[in-house]
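The values are calculated or read from the model by the stated rules, or taken from the named source; none is laboratory data. Because the structure is a prediction, the values reported are computed rather than measured. We place every Cβ from the backbone using ideal geometry, glycine too, and count neighbours over all the protein chains shown. For accessibility, only protein heavy atoms count, side chains too; no ligands or nucleic acids. Shrake-Rupley method; radii C 1.70, N 1.55, O 1.52, S 1.80 Å.
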Amino acid sequence: MRFIDGRAIAADIRTQMTEAVQDCKDAGINPTLAVVVPNQDGATQWYVRSIAKSAAASGIDCRVLDLDPDGDAAALTQALTDLSADPAVHAIICQTPLPPGVTMADVGTYIDVRKDVDGANPASLGGILAGQPTFAPATADAVREILRHERVPLVGARVTVVGRSTVVGKPAALLLLAEHATVTVCHSRTRDLANVCAEAEILVAAIGKAGFVSREFVRPGAVVIDVGTNPTADGGLVGDVDPAAVADRAAVLTPVPGGVGPVTTALLLRNTIVAARSAASIG
Ligand code: NAP
(Lines give C-alpha, C1' and ligand atoms only; values in the text may rest on other atoms or scores of the structure.)
Protein backbone atom coordinates (compact mmCIF):
# COMPACT_ATOMS: atom_id res chain seq x y z
CA MET A 1 0.00 0.00 0.00
CA ARG A 2 1.20 3.47 -0.89
CA PHE A 3 0.29 6.61 1.05
CA ILE A 4 -0.98 9.56 -0.98
CA ASP A 5 0.93 12.73 -0.12
CA GLY A 6 -1.76 15.34 0.54
CA ARG A 7 0.83 17.96 1.46
CA ALA A 8 2.47 17.61 -1.98
CA ILE A 9 -0.93 17.90 -3.73
CA ALA A 10 -1.66 21.02 -1.66
CA ALA A 11 1.71 22.49 -2.62
CA ASP A 12 0.90 21.88 -6.33
CA ILE A 13 -2.45 23.65 -5.94
CA ARG A 14 -0.77 26.62 -4.25
CA THR A 15 1.90 26.82 -6.97
CA GLN A 16 -0.78 26.78 -9.68
CA MET A 17 -2.45 29.73 -7.90
CA THR A 18 0.59 32.00 -8.07
CA GLU A 19 -0.27 33.63 -11.39
CA ALA A 20 -3.92 34.16 -10.45
CA VAL A 21 -2.86 35.84 -7.18
CA GLN A 22 -0.56 38.14 -9.14
CA ASP A 23 -3.41 39.04 -11.54
CA CYS A 24 -5.42 40.18 -8.51
CA LYS A 25 -2.55 42.27 -7.13
CA ASP A 26 -1.98 43.82 -10.58
CA ALA A 27 -5.64 44.79 -10.64
CA GLY A 28 -5.27 46.42 -7.18
CA ILE A 29 -7.17 43.63 -5.43
CA ASN A 30 -5.91 42.14 -2.17
CA PRO A 31 -7.56 38.71 -2.01
CA THR A 32 -9.05 38.49 1.48
CA LEU A 33 -10.47 35.53 3.36
CA ALA A 34 -12.47 36.13 6.54
CA VAL A 35 -12.58 33.31 9.08
CA VAL A 36 -15.35 33.59 11.66
CA VAL A 37 -14.67 31.72 14.90
CA PRO A 38 -17.69 31.46 17.23
CA ASN A 39 -15.96 29.23 19.81
CA GLN A 40 -12.77 28.67 21.80
CA ASP A 41 -12.31 25.09 20.69
CA GLY A 42 -8.62 24.07 20.75
CA ALA A 43 -8.72 22.07 17.50
CA THR A 44 -10.50 24.95 15.74
CA GLN A 45 -7.89 27.46 16.94
CA TRP A 46 -5.13 25.20 15.63
CA TYR A 47 -6.89 24.82 12.26
CA VAL A 48 -7.48 28.56 11.94
CA ARG A 49 -3.81 29.29 12.64
CA SER A 50 -2.85 26.80 9.93
CA ILE A 51 -5.23 28.43 7.40
CA ALA A 52 -3.84 31.88 8.26
CA LYS A 53 -0.27 30.65 7.79
CA SER A 54 -1.03 29.02 4.41
CA ALA A 55 -2.96 32.11 3.30
CA ALA A 56 -0.05 34.41 4.16
CA ALA A 57 2.35 32.14 2.24
CA SER A 58 0.05 32.37 -0.80
CA GLY A 59 -0.32 36.17 -0.74
CA ILE A 60 -3.86 36.07 0.65
CA ASP A 61 -4.97 38.26 3.55
CA CYS A 62 -6.66 36.27 6.28
CA ARG A 63 -8.90 38.14 8.73
CA VAL A 64 -9.80 36.11 11.79
CA LEU A 65 -12.92 37.27 13.63
CA ASP A 66 -13.08 35.79 17.13
CA LEU A 67 -16.65 36.11 18.37
CA ASP A 68 -17.74 35.86 21.98
CA PRO A 69 -17.93 32.07 22.53
CA ASP A 70 -20.98 32.62 24.74
CA GLY A 71 -22.63 34.73 22.05
CA ASP A 72 -25.89 33.80 20.40
CA ALA A 73 -26.89 33.03 16.83
CA ALA A 74 -27.80 36.70 16.23
CA ALA A 75 -24.22 37.86 16.82
CA LEU A 76 -22.96 35.23 14.42
CA THR A 77 -25.46 35.96 11.65
CA GLN A 78 -24.75 39.71 12.05
CA ALA A 79 -21.01 39.11 11.59
CA LEU A 80 -21.66 37.02 8.47
CA THR A 81 -24.06 39.64 7.10
CA ASP A 82 -21.49 42.43 7.65
CA LEU A 83 -18.71 40.44 5.99
CA SER A 84 -20.99 39.57 3.07
CA ALA A 85 -21.57 43.30 2.53
CA ASP A 86 -17.91 44.28 2.92
CA PRO A 87 -16.35 44.78 -0.54
CA ALA A 88 -12.84 44.30 0.89
CA VAL A 89 -13.71 40.71 1.87
CA HIS A 90 -13.85 38.19 -0.97
CA ALA A 91 -14.34 34.94 0.90
CA ILE A 92 -15.96 33.87 4.18
CA ILE A 93 -15.77 30.68 6.18
CA CYS A 94 -17.39 29.94 9.52
CA GLN A 95 -15.81 27.49 11.94
CA THR A 96 -17.62 24.87 14.00
CA PRO A 97 -18.65 24.17 16.74
CA LEU A 98 -21.48 26.70 16.42
CA PRO A 99 -23.54 28.08 19.32
CA PRO A 100 -25.89 25.45 20.82
CA GLY A 101 -28.92 24.70 18.66
CA VAL A 102 -27.53 26.46 15.59
CA THR A 103 -26.77 24.52 12.40
CA MET A 104 -24.44 25.47 9.56
CA ALA A 105 -27.47 25.53 7.24
CA ASP A 106 -29.02 28.18 9.54
CA VAL A 107 -26.03 30.50 9.48
CA GLY A 108 -24.81 29.59 5.99
CA THR A 109 -27.71 31.47 4.44
CA TYR A 110 -26.09 34.70 5.74
CA ILE A 111 -22.95 34.11 3.68
CA ASP A 112 -23.14 35.68 0.21
CA VAL A 113 -22.89 32.73 -2.22
CA ARG A 114 -20.21 34.60 -4.19
CA LYS A 115 -18.03 34.55 -1.04
CA ASP A 116 -19.13 31.13 0.18
CA VAL A 117 -15.78 29.38 -0.41
CA ASP A 118 -16.63 26.45 1.88
CA GLY A 119 -20.07 25.79 0.42
CA ALA A 120 -21.92 26.51 3.68
CA ASN A 121 -24.93 28.25 2.16
CA PRO A 122 -27.69 25.76 1.29
CA ALA A 123 -27.90 27.61 -2.06
CA SER A 124 -24.31 26.55 -2.81
CA LEU A 125 -25.18 22.95 -2.00
CA GLY A 126 -28.24 23.25 -4.22
CA GLY A 127 -25.94 24.44 -6.99
CA ILE A 128 -23.99 21.17 -6.79
CA LEU A 129 -27.23 19.22 -7.02
CA ALA A 130 -28.39 21.28 -9.99
CA GLY A 131 -25.02 21.01 -11.75
CA GLN A 132 -24.43 24.75 -11.58
CA PRO A 133 -21.05 26.40 -10.99
CA THR A 134 -20.84 26.85 -7.24
CA PHE A 135 -18.37 26.53 -4.38
CA ALA A 136 -18.56 23.04 -2.89
CA PRO A 137 -17.64 22.28 0.73
CA ALA A 138 -13.85 22.22 0.55
CA THR A 139 -13.37 18.87 2.30
CA ALA A 140 -15.75 17.12 -0.10
CA ASP A 141 -14.02 18.84 -3.00
CA ALA A 142 -10.64 17.71 -1.62
CA VAL A 143 -11.76 14.10 -2.04
CA ARG A 144 -12.44 14.71 -5.73
CA GLU A 145 -9.24 16.74 -6.16
CA ILE A 146 -7.07 13.98 -4.67
CA LEU A 147 -8.64 11.36 -6.95
CA ARG A 148 -8.11 13.62 -9.98
CA HIS A 149 -4.56 14.34 -8.97
CA GLU A 150 -3.85 10.62 -8.59
CA ARG A 151 -5.49 10.05 -11.99
CA VAL A 152 -7.89 7.51 -10.52
CA PRO A 153 -10.47 6.71 -13.23
CA LEU A 154 -13.88 7.88 -11.99
CA VAL A 155 -16.15 7.22 -14.96
CA GLY A 156 -18.20 4.17 -14.10
CA ALA A 157 -16.09 3.48 -11.00
CA ARG A 158 -17.78 1.91 -8.00
CA VAL A 159 -17.46 4.39 -5.15
CA THR A 160 -18.73 3.96 -1.62
CA VAL A 161 -18.92 6.97 0.68
CA VAL A 162 -19.42 6.16 4.36
CA GLY A 163 -21.01 9.21 6.00
CA ARG A 164 -23.88 11.40 4.86
CA SER A 165 -23.22 14.71 6.59
CA THR A 166 -24.08 17.91 4.74
CA VAL A 167 -20.49 19.09 4.97
CA VAL A 168 -18.64 15.96 3.79
CA GLY A 169 -20.48 12.76 2.87
CA LYS A 170 -23.41 14.06 0.83
CA PRO A 171 -21.49 16.67 -1.19
CA ALA A 172 -18.59 14.23 -1.79
CA ALA A 173 -21.10 11.71 -3.17
CA LEU A 174 -22.68 14.35 -5.44
CA LEU A 175 -19.31 15.59 -6.73
CA LEU A 176 -18.23 12.05 -7.59
CA LEU A 177 -21.60 11.31 -9.18
CA ALA A 178 -21.03 14.36 -11.38
CA GLU A 179 -17.77 12.67 -12.46
CA HIS A 180 -19.89 9.69 -13.61
CA ALA A 181 -18.92 7.38 -10.77
CA THR A 182 -21.49 4.87 -9.52
CA VAL A 183 -21.90 6.05 -5.95
CA THR A 184 -23.26 4.27 -2.90
CA VAL A 185 -23.75 6.30 0.28
CA CYS A 186 -23.63 4.47 3.63
CA HIS A 187 -24.46 5.63 7.14
CA SER A 188 -25.12 4.36 10.65
CA ARG A 189 -28.24 2.45 9.56
CA THR A 190 -26.61 0.70 6.61
CA ARG A 191 -26.95 -3.07 6.85
CA ASP A 192 -23.95 -5.26 6.15
CA LEU A 193 -21.67 -2.22 5.97
CA ALA A 194 -18.35 -4.05 5.59
CA ASN A 195 -19.60 -6.02 2.59
CA VAL A 196 -21.08 -2.93 0.90
CA CYS A 197 -17.73 -1.18 1.37
CA ALA A 198 -15.79 -4.21 0.12
CA GLU A 199 -17.48 -3.83 -3.29
CA ALA A 200 -15.97 -0.39 -3.77
CA GLU A 201 -13.06 0.38 -6.05
CA ILE A 202 -12.89 3.73 -4.27
CA LEU A 203 -13.80 3.91 -0.58
CA VAL A 204 -14.32 7.28 1.11
CA ALA A 205 -14.50 7.18 4.92
CA ALA A 206 -16.14 10.25 6.52
CA ILE A 207 -17.43 8.83 9.77
CA GLY A 208 -15.57 10.35 12.70
CA LYS A 209 -14.61 7.08 14.41
CA ALA A 210 -10.94 6.29 14.92
CA GLY A 211 -9.75 3.19 13.06
CA PHE A 212 -13.32 2.12 12.21
CA VAL A 213 -12.48 0.91 8.71
CA SER A 214 -10.62 -2.37 8.97
CA ARG A 215 -9.43 -5.04 6.55
CA GLU A 216 -12.81 -6.58 5.72
CA PHE A 217 -14.14 -3.21 4.49
CA VAL A 218 -11.53 -2.94 1.76
CA ARG A 219 -11.61 -4.58 -1.65
CA PRO A 220 -8.17 -5.77 -2.80
CA GLY A 221 -6.57 -2.96 -4.83
CA ALA A 222 -9.01 -0.28 -3.64
CA VAL A 223 -8.25 3.42 -3.41
CA VAL A 224 -9.10 4.57 0.12
CA ILE A 225 -9.66 8.20 1.04
CA ASP A 226 -9.73 8.82 4.79
CA VAL A 227 -11.54 12.04 5.66
CA GLY A 228 -11.81 11.31 9.37
CA THR A 229 -9.87 13.40 11.88
CA ASN A 230 -10.10 11.94 15.36
CA PRO A 231 -8.05 13.42 18.21
CA THR A 232 -6.01 10.95 20.26
CA ALA A 233 -5.32 11.08 24.02
CA ASP A 234 -1.71 12.16 23.38
CA GLY A 235 -2.74 15.20 21.31
CA GLY A 236 -2.33 13.52 17.93
CA LEU A 237 -4.79 12.87 15.13
CA VAL A 238 -5.90 9.60 13.52
CA GLY A 239 -8.28 8.82 10.70
CA ASP A 240 -11.31 6.58 10.34
CA VAL A 241 -9.18 3.93 8.63
CA ASP A 242 -6.78 1.64 10.45
CA PRO A 243 -3.75 1.84 8.13
CA ALA A 244 -2.04 -1.29 9.46
CA ALA A 245 -5.22 -3.35 9.09
CA VAL A 246 -5.84 -2.36 5.45
CA ALA A 247 -2.18 -2.32 4.35
CA ASP A 248 -2.33 -5.63 2.49
CA ARG A 249 -5.68 -4.77 0.83
CA ALA A 250 -5.69 -1.12 -0.23
CA ALA A 251 -3.59 0.01 -3.17
CA VAL A 252 -3.37 3.56 -1.84
CA LEU A 253 -4.56 5.42 1.25
CA THR A 254 -4.59 9.06 2.32
CA PRO A 255 -2.79 9.40 5.66
CA VAL A 256 -4.11 11.31 8.67
CA PRO A 257 -2.65 13.81 9.18
CA GLY A 258 -1.19 14.83 5.82
CA GLY A 259 -3.93 13.64 3.45
CA VAL A 260 -7.31 15.29 2.96
CA GLY A 261 -6.63 18.11 5.47
CA PRO A 262 -3.90 20.04 3.62
CA VAL A 263 -5.76 19.68 0.31
CA THR A 264 -8.90 21.09 1.95
CA THR A 265 -6.98 24.18 3.10
CA ALA A 266 -5.39 24.65 -0.34
CA LEU A 267 -8.83 24.49 -1.98
CA LEU A 268 -10.20 27.12 0.43
CA LEU A 269 -7.40 29.41 -0.70
CA ARG A 270 -7.94 28.58 -4.37
CA ASN A 271 -11.64 29.34 -3.97
CA THR A 272 -10.71 32.64 -2.32
CA ILE A 273 -8.71 33.60 -5.41
CA VAL A 274 -11.58 32.55 -7.69
CA ALA A 275 -13.95 34.73 -5.63
CA ALA A 276 -11.54 37.70 -5.62
CA ARG A 277 -10.98 37.49 -9.38
CA SER A 278 -14.68 37.20 -9.98
CA ALA A 279 -15.36 40.27 -7.78
CA ALA A 280 -12.76 42.17 -9.80
CA SER A 281 -14.21 40.84 -13.09
CA ILE A 282 -10.89 39.25 -14.01
CA GLY A 283 -12.12 35.75 -13.39
P1 NAP B 1 -20.76 13.80 11.16
O2 NAP B 1 -21.61 14.96 10.81
O3 NAP B 1 -20.70 13.33 12.57
O4 NAP B 1 -21.22 12.58 10.22
C5 NAP B 1 -20.73 11.31 10.42
C6 NAP B 1 -21.39 10.35 9.46
O7 NAP B 1 -20.88 9.05 9.71
C8 NAP B 1 -22.91 10.29 9.62
O9 NAP B 1 -23.53 10.29 8.36
C10 NAP B 1 -23.13 8.97 10.35
O11 NAP B 1 -24.34 8.31 9.99
C12 NAP B 1 -21.97 8.15 9.86
N13 NAP B 1 -21.65 7.13 10.84
C14 NAP B 1 -21.42 7.28 12.17
N15 NAP B 1 -21.23 6.09 12.75
C16 NAP B 1 -21.35 5.16 11.77
C17 NAP B 1 -21.26 3.75 11.75
N18 NAP B 1 -21.03 3.03 12.86
N19 NAP B 1 -21.44 3.11 10.57
C20 NAP B 1 -21.69 3.82 9.44
N21 NAP B 1 -21.79 5.15 9.41
C22 NAP B 1 -21.61 5.82 10.56
O23 NAP B 1 -19.23 14.05 10.74
P24 NAP B 1 -18.63 14.92 9.51
O25 NAP B 1 -18.72 16.35 9.83
O26 NAP B 1 -19.17 14.42 8.22
O27 NAP B 1 -17.11 14.49 9.63
C28 NAP B 1 -16.69 13.17 9.43
C29 NAP B 1 -15.23 13.06 9.81
O30 NAP B 1 -14.48 13.89 8.92
C31 NAP B 1 -14.90 13.56 11.21
O32 NAP B 1 -13.83 12.79 11.74
C33 NAP B 1 -14.43 14.98 10.99
O34 NAP B 1 -13.56 15.43 11.99
C35 NAP B 1 -13.70 14.81 9.67
N36 NAP B 1 -13.54 16.05 8.90
C37 NAP B 1 -12.35 16.25 8.33
C38 NAP B 1 -12.14 17.39 7.57
C39 NAP B 1 -10.80 17.57 6.91
O40 NAP B 1 -10.52 18.64 6.38
N41 NAP B 1 -9.97 16.55 6.84
C42 NAP B 1 -13.14 18.33 7.41
C43 NAP B 1 -14.39 18.07 7.98
C44 NAP B 1 -14.58 16.91 8.72
P45 NAP B 1 -25.80 8.91 10.35
O46 NAP B 1 -26.02 10.01 9.35
O47 NAP B 1 -26.70 7.76 10.16
O48 NAP B 1 -25.71 9.42 11.75
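Using alpha-carbon pairs under 8 Å, 6+ residues apart, how would you state the relative contact order of segment 1-75 in percent?
Across segment 1-75, relative contact order equals 35 percent.
For C186, list long-range residues whose amide hydrogen, built 1.01 Å from N in the peptide plane, is under 5 Å from its own amide hydrogen.
The list, which skips near neighbours in sequence, is V161, V162, G163.
For segment 218-225, in order, what is each residue's ³J(HN,Hα) by Karplus, 6.51 cos²θ - 1.76 cosθ + 1.60 with θ = phi - 60°, in whole Hz (x at glycine and Pro)?
Working through the residues one at a time gives 10, 6, x, x, 6, 8, 10, 10 Hz.
Taking the Cβ of T81 as the centre, find all other residues whose Cβ is under 12 Å away and add up their charges (Lys, Arg: +1; Asp, Glu: -1).
Taking every other residue near T81 into account, the sum is -2.
Mind checking which of T232, P262, V246 is farthest towards the positive end of segment 212-263's charge dipole, using Cβ charges of +1 (Lys, Arg) and -1 (Asp, Glu) about the Cα centre?
Of the candidates, V246 comes out farthest on the positive side.
Residue by residue through segment 70-86, which ³J(HN,Hα) values in whole Hz follow from phi under the Karplus form 6.51 cos²θ - 1.76 cosθ + 1.60 (θ = phi - 60°), with glycine and proline marked x?
Residue by residue, segment 70-86 yields 9, x, 9, 4, 4, 5, 5, 5, 5, 4, 5, 5, 4, 5, 4, 8, 7 Hz.
Which of the peptides 40-46, 154-160, 21-27 is most tightly packed, and how do the rest follow, judged by the mean count of other Cβ atoms within 10 Å per residue?
154-160, 21-27, 40-46
Test of understanding: what is the full-extension gain from A178 to D26, defined as 0.36 nm times their sequence separation minus their Cα-Cα distance?
Extra length from A178 to D26 when fully extended: 51.2 nm.
Divide by every residue of the chain the summed helix terms, -39500 (n - 2.57) for each DSSP H run of at least 4, and state the resulting mean residue ellipticity at 222 nm, rounded to the nearest 500 deg cm²/dmol.
Roughly -12500 deg cm²/dmol at 222 nm, from the helical runs in the chain.
Let's see if you can work this out: charge +1 on each Lys and Arg Cβ, -1 on each Asp and Glu Cβ, no other charges. What is the dipole magnitude of segment 45-106 about its Cα centre, in debye to the nearest 20?
It comes to approximately 360 debye.
Would you mind checking which residues have amide H under 5 Å from V213's amide H? H placed 1.01 Å from N; only 5 or more apart, or other chain.
V241, D242
Starting at the first residue of segment 156-164, write each ³J(HN,Hα) from the Karplus equation 6.51 cos²θ - 1.76 cosθ + 1.60 with θ = phi - 60°, in whole Hz, x for Gly and Pro.
x, 5, 7, 10, 10, 10, 9, x, 10
Any idea what the relative contact order of the chain is, in percent, if you count C-alpha pairs under 8 Å spaced at least 6 apart?
22
Which of the aspartates and glutamates could be linked to K170 by a straight reach, that is with a Cα gap under 12 Å, when you skip same-chain ones fewer than 8 residues away?
Leaving aside aspartates and glutamates fewer than 8 places away in the same chain, those within reach of K170 are D141.
Using 18 Å as the cut-off for backbone N distance, which residues of segment 177-207 belong to the label zone defined by a point 7 Å from the Cα of A245 along Cα→Cβ?
In segment 177-207, the label zone of A245 (backbone N under 18 Å from the point 7 Å along Cα→Cβ) covers 186-200, 203-207.
Among 12-18, 118-124, 224-230, what's the highest-first ranking by average C-beta atoms within 10 angstrom per residue?
224-230, 118-124, 12-18
How much length is gained on full extension from F3 to T190, taking 0.36 nm per residue of separation minus their Cα-Cα distance?
64.5 nm
When only C-alpha pairs under 8 Å and at least 6 residues apart count, what is the relative contact order of segment 52-114, in percent?
Relative contact order of segment 52-114: 34 percent.
Tell me which residues come under 5 Å, amide H to amide H, from A222 once H is placed; ignore anything under 5 positions away on its chain.
When sequence neighbours closer than 5 places are left aside, the close amide H contacts are A251.
Given charges of +1 on the Cβ of Lys and Arg and -1 on the Cβ of Asp and Glu, with all other atoms neutral, how large is the dipole of segment 181-240 about its Cα centre, in debye to the nearest 20?
Once rounded to the nearest 20, the dipole reads 160 debye.
Using protein chains only and a probe of 1.4 angstrom, how many square angstrom of V241 are accessible, to the nearest 10?
10
Under unit Cβ charges (Lys, Arg +1; Asp, Glu -1), what dipole magnitude, rounded to 20 debye, does the chain have relative to its Cα centre?
Result for the chain is approximately 680 debye, rounded to the nearest 20.
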